[in-house]
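What follows is one structure encoded as structure tokens, with my remarks underneath.
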Amino acid sequence: MKLLATLAASAALLTATPALAQTWIDNVDGISIDREGNVDRFVGMVIDADGRVVELLDFGDDPTITVQYRNDLEGRVVIPGFIDAHAHLMGLGLGTLVLDLSGTRSLEEALAAIAAYAEEYPDRPWIIGRGWNQEIWGLGRFPTAAELDAVVSDRPVWLERVDGHAGWANTLALQAGGVTAASQDPSGGRIERLPGSRAPSGVLVDAAMPMVGAQVPPPRARDREQALYNAQQLLLSYGITAMADMGTTLEDWMTIRRAGDAGWLSVRVMAYADSVETMLLIGGERPTDWLYDDMLRLNGVKLYLDGALGSRGALLKEDYEDDHGNRGLPLLTPAQLRNLMSRAALGNYQVAVHAIGDAANAEALNAIEELSADFSGDRRWRIEHAQIVDPVDIARFGQHGIIASMQPVHQTSDMFMAEARLGDDRLGGAYAWRTILNTGGTLAFGTDAPVEPVDPLAGLAVAISRANADGEPFGGWRAEEAVTREQALAAYTANAAYAGFAEGRFGTLAPGERADFVVLSADPLMSSPEQIRRIAVEQTWVAGRLVYDADMQRLPADSPPQGVIVTD
């Protein structure tokens, strides 16, 4: 009961200030941007009582309607709220409740963190965590169960890799899942073995993960509510006002609905179910309506076609350069993919296909090409990640109006690993943002949080530079694929809204759309990549309501509308 009371109090603090009156947001360095990257600068904005933009004001203009409140932002930069086109809402939140290994730089550092966590929580029946990355550790191999046993041997340990496509278990966890030398690799999965034997080493990849993962005690309803609250706080603090939730479970959906019913849902969610079955349970025969004043909608379904490069599960046309004989893991057959896509399309649901390797992307494009002949209309087929695409296939993004839902920071996280996995000759279509745009495709950018940090400004810096936070490599990695500042900002706003059938509702600061905006410490369109990374999110507004302030962190639910009362 104490936890529920704490969560209720926290939810009350997060609930946005009601937009009870027409408000004039004045004295701003305002930026509105459309899908083509055209910029409209303004100095003021009028918001109605429903939280929609009524008009944008140029220098010297006064509102043409009566306003009750005026908020002077003292010349600060205002841009549309960031829209994360691909993230995992509950994964982000639940990650705040378990052991986080994403900051560890070596196996030894990770093991020390695991040991300390186990000592801090002696009563937890399982040690659960996420975020490890053997590539960053420079390990040259996967970690093992024996290494985990050395620090925790009295209870099961299950730790998901940073990309969510592999899990690391100790011996007790392997035993709980019945994983032995006699266990066979499931379709679409792989049990890593000790060298020279069939004994499981401790790492399970993709479809093998549920062998242990299914044994982990599931989070309780109150854990999920706390996780959602934590996730919203993180998103708002980085200026993210809307997101596409990739892989929404039924439990996730009901948690979000409870927040909406109780009035503390403050980030717009475009949901993509984790399976066709979940999609039909939530939406029935068609996508849901927009709920809670454009705060929530089930758009469609997320399908997994392959795994990830880091665990060598991404599906390739040729063998991995650093693992001959391995071409990755197909998670669906071509027939299964088409059947699932067809079932979704019959109900006008949107389909988002996870494809990382060049073979997976080719298969997704083949399926879209075939189904486009049977399902006409505005489908907005999505390919999630599209990291490694054979150059001969790229033009097909534009031919079929496909959304390339990509995450810029993946390029800097994976660039050197991609060279090792594929070799230089096969990287012509790697993270090919500019080429996809030039051939008519649509870019929608996201963070893939919690796989990467939930930081769109870092993504903007990468998108225009192709270099990491240390400025490496000098001049950018395959710099010809960089995009302009305007194209990058459009991909994080207007195009991310378009990718989720939300255009006209939010995504740009234009009359009739929701007044979702971010107050920044500097103009990202006038900043270098290094400067963009240092820009601070000072305030976040959703539907004309201040929901995050860097000085206050959050606002009380019963605070009055922000601004000075206009008396004349």
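Charge tally for Arg533 (other residues, Cβ to Cβ under 13 Å; Lys, Arg +1; Asp, Glu -1): -2. Compare the Cα positions of Gly283, Gln350, Ala395 along the charge dipole of the chain (+1 at Cβ of Lys, Arg; -1 at Cβ of Asp, Glu; about the Cα centre) and return the one farthest towards the positive end. Farthest along the dipole direction, towards plus: Gly283. Length gained on full extension, Asp58 to Ser153, computed as 0.36 nm times the residue gap minus the Cα-Cα distance: 27.6 nm. Ranked by the mean number of other Cβ atoms within 10 Å of their residues, highest first, the peptides 539-546, 218-225 come out as 539-546, 218-225.
On the basis of the beta-carbon distance and an R0 of 45 Å, Asn27 and Ala112 show a calculated FRET efficiency of 0.30. Taking amide H positions as modeled 1.01 Å from N, with prolines and chain starts lacking one, the residues under 5 Å from Ala449 and 5 or more places away or on another chain are His88. Placing dummy labels 7 Å off each Cα toward the beta-carbon, the span from Asp223 to Asn366 is 4.1 nm. Estimated from the Cβ-Cβ distance and a Förster radius of 22 angstrom, the FRET efficiency linking Glu251 and Arg124 is about 0.60. With respect to the chain, whose longest principal axis is taken over its alpha-carbon atoms, helix 408-422 is tilted by about 20°.
When the helices in the chain are scored as -39500 (n - 2.57) per DSSP H run of 4 or longer and the sum is shared across all residues, what 222 nm value do you end up with, to the nearest 500 deg cm²/dmol?
Details: 19 runs with 173 residues, N = 568.
Taking each H run of at least 4 residues, the total per residue is -8500 deg cm²/dmol.
Residues of the stretch 202-233 with the amide nitrogen closer than 20 Å to a label point 7 Å from the Cα of Glu321, along Cα-to-Cβ, please. Counting only backbone N, you get no residues.
Note the listed values (i) 83, 57, 51; (ii) 72, 59, 48; (iii) 123, 60, 53, then indicate which one is Cα extents along the principal axes in Å calculated from this particular structure. Computing Cα extents along the principal axes in Å and matching it to (i) 83, 57, 51; (ii) 72, 59, 48; (iii) 123, 60, 53 gives (i).
The relative contact order of the chain, computed from alpha carbon pairs under 8 Å that lie at least 6 residues apart in sequence, is 20 percent.
If I stretch the segment between Ala479 and Ala199 completely, what's the gain in nm (0.36 nm per residue apart, minus their alpha carbon distance), one decimal? Please report the intermediate quantities before stating the final value.
Numbers: separation 280, 0.36 × 280 = 100.80 nm, distance 4.41 nm.
Result for the pair: 96.4 nm of gain on full extension.
Helix 250-262 and the longest principal axis of the Cα set of the chain meet at an angle near 20°.
Rounded to the nearest 20, the Cβ-based charge dipole of the chain about its Cα centre (Lys and Arg +1, Asp and Glu -1) stands at 1220 debye. Convex hull volume of the C-alpha atoms in the stretch 144-242, normalised per residue: 139 Å³.
Neighbour counts of C-beta atoms inside 10 Å place Asp50, Asp26, Asp516 in the sequence Asp50, Asp26, Asp516, starting with the fewest.
Laboratory data are not the source of any read-out in this text; all were calculated from the coordinates shown. What you see is a predicted model; the values in this text were computed from it and never measured. Cβ coordinates were reconstructed from backbone atoms using ideal geometry, including for glycine residues, and neighbour counts include every protein chain displayed.
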